[in-house]
Amino acid sequence: MVQHNGQTLAYIGDAVFELFVRETLLKRGIVKADKLHKEVIKYTSAQGQYACLKAIEEGLDTQEKAVVNRGRNQATARRPKGTPLQTYKLSTGFEALIGFLHLSDEKARLNELFEMLPMNL
C-alpha cells in the first residue's frame, strides 16, 4: 500500500481525475474552453465526485474501501461552501482512492473504475 496520508492521496487524485474527465469530454467533441470548463465542473465538484464514488463503491475491494475511509477521515481546516460536510469528506475519499491507484501504478484498475463512472451527470 502506498504510504501517503489521505490528504496527499486526495491532492494527487484530484489532478488525475480532472485530467481523465477533461480527456473524456474532449473525446466527446467538447472542445471550446468555456463549455469544457462548465462540463468538467459537473464531475470534479464535491457533488460530482460524491456521485462517482456512489457509482463505484459496490465494486471496491477491502483495501480500496480502506483508502476511501483514510481520505474521508483526513482532518482538514478547510470547510466546504454550499456542500454538506459528509459529501465533501466522501468526495475527498474518492480523490484519495484515485491518487492511491495512480501512485500504486494500478492503471488497469483505475481504468476499470473509470469505466464504471456515470459520465452523464
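Every residue, every condition in (1) hydrophobic (A, V, I, L, M, F, W, C); (2) in contact with an Asp or Glu (Cβ under 8 Å, 6 or more places away or on another chain), yes or no:
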{"position": "D14", "(1), (2)": "no, yes"}
{"position": "F17", "(1), (2)": "yes, yes"}
{"position": "E23", "(1), (2)": "no, no"}
{"position": "L36", "(1), (2)": "yes, no"}
{"position": "T44", "(1), (2)": "no, yes"}
{"position": "Q49", "(1), (2)": "no, yes"}
{"position": "L53", "(1), (2)": "yes, no"}
{"position": "I56", "(1), (2)": "yes, no"}
{"position": "V68", "(1), (2)": "yes, yes"}
- [ ] Please list, ordered by first then second residue, the pairs with beta carbon atoms under 7 Å, 6 or more apart or interchain, first in the stretch 1-29 and surrounded by fewer than 15 Cβ atoms within 10 Å (Cβ to Cβ), second at pLDDT below 90.
- [x] N5/Q74
Open item on the list: Can you report the number of residues in the stretch 30-57 which are farther than 18 Å from N111 by Cβ and either touching a Gly at 6+ places or on another chain (Cβ under 8 Å) or surrounded by fewer than 11 Cβ atoms within 10 Å (Cβ to Cβ) (or both)?
Closed with: 6
Task: Selected residue (only one of A55, A46 is touching a Ser or Thr at 6+ places or on another chain (Cβ under 6 Å), in contact (Cβ under 8 Å) with a residue 24 or more places away in the chain and hydrophobic (A, V, I, L, M, F, W, C)) - done: A46
TODO: For E23, indicate whether it is at pLDDT 95 or above and either charged (D, E, K, R) or in contact with a His (Cβ under 7 Å, 6 or more places away or on another chain) (or both).
DONE: no
TODO: Could you please find all residues in the stretch 30-43 being free of Cβ contacts under 8 Å to residues at least 40 places away in the same chain and not charged (D, E, K, R)?
DONE: I30, V31, A33, L36, H37, V40, I41
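The values are calculated or read from the model by the stated rules, or taken from the named source; none is laboratory data. Everything numeric here is computed off the predicted structure, so don't read it as measured data. We place every Cβ from the backbone using ideal geometry, glycine too, and count neighbours over all the protein chains shown.
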